[in-house]
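Structure first, then comments.
Read-outs throughout are calculated quantities, based only on the coordinates presented, and are distinct from any laboratory measurement. The structure displayed is predicted, hence computed values, not measured ones. Counting neighbours? That spans all protein chains shown, and the Cβs are built from the backbone with ideal geometry, glycine included.
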Amino acid sequence: MPVNESLSTYSDLTFRTAFGIYVLALLASLIYYAGFRVPKVQHKELVAAGGPGTGIELTESTSITDTGDEERASAGSERWARIAQLFIVVAFVLQAVSLLLRGLATGRYPWGNMYEFILGTTLLAVAAGMVFLRKPAMKVAWPFVLLPVLVLLFFGGTHLYSEAAPVVPALQSYWLPIHVSIISLGAGILLIPGVVSIMYLIRLWQPRGAEHGWGARLARPLPAAETLDRLAYRTTVIGFPIFGVGILLGAVWAEGAWGRFWGWDPKETVSFISWVLYAGYLHARATSGWGPKRAAWINIAGFAVLVFNLFFINIVVSGLHSYAGLN
């Protein structure tokens, strides 16, 4: 079917608008992060004052405690967190509209090239952030999420951009929306534990008891290391099997398209490596001898390999997956 140029133009316009609003969301979230202040909760205590022969006067004193790590929020810059959340929601909706218009313009599922794949995967990553970072204490995580999302969107919108067009014959299959959608969902979810593990290591890196210096300022807004470790593990437990199912369905599609389930194509090989790294992370996280710090490094390695494989490997080497909008 012919491409609807008007819808394609509107798709590009909403993409650029969404990108600009994501930038504003990043700036607002950075202001919230930089201005984070741990709230002070006053607990009234009755203290006896006076001495023998005098009346006992009951006075109040205060003690400063945390409010509980899961519900911790900034006492000084909460407005910027709300502004960032508003920008994120608006940009997310515009990005979804851009992807939808792209599909309507071409009359197919919008998964046919690397530009559309990045657009869809980052959309699902932001959606995963909205789900897993909804606790007040996790609002400080948004700069760590939005930065890679913006980098990928910028790279996709410039170096990997493709004009709206029908897909090549190799992708004209009902397996396209199934395989790519599940891979995108798994990768979008796995972006969250990747950045949370980075936050975890930053939290551990702060010298114990240090209250000054740029390292302390960077780590202070972050939740407790145990909270970050728990979140990274739980989100990986969700994203890992989804990503694995996507790989298996890709093998089924490969058998029908190329006559074999697995051929050690570069993208297949690195997908398997990332899968092994995530399996290693879950094993290390569940094994007491490894410890959460070593497990976090494995999780970050898996995340780095995943991003390289899904978005950049086609630029470095050519293979059977090199048809997706790249020269």
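Worth a mention:
- The H on the amide N of ARG72, modeled in the peptide plane, is under 5 Å from the matching H of ALA137, each at least 5 residues off or on a different chain.
- In terms of packing, defined here as the mean over residues of other Cβ atoms within 10 angstrom, the peptides 284-296, 115-127 line up highest first as 115-127, 284-296.
- For the range 119-182, the Kirkwood hydrodynamic radius from C-alpha pairs, put into Stokes-Einstein at 20 °C and a viscosity of 1.002 mPa s, yields a diffusion coefficient of 153 µm² per second.
- Coordinate range of the alpha-carbon atoms in the range 91-239 per principal axis, descending: 60, 30, 23 Å.
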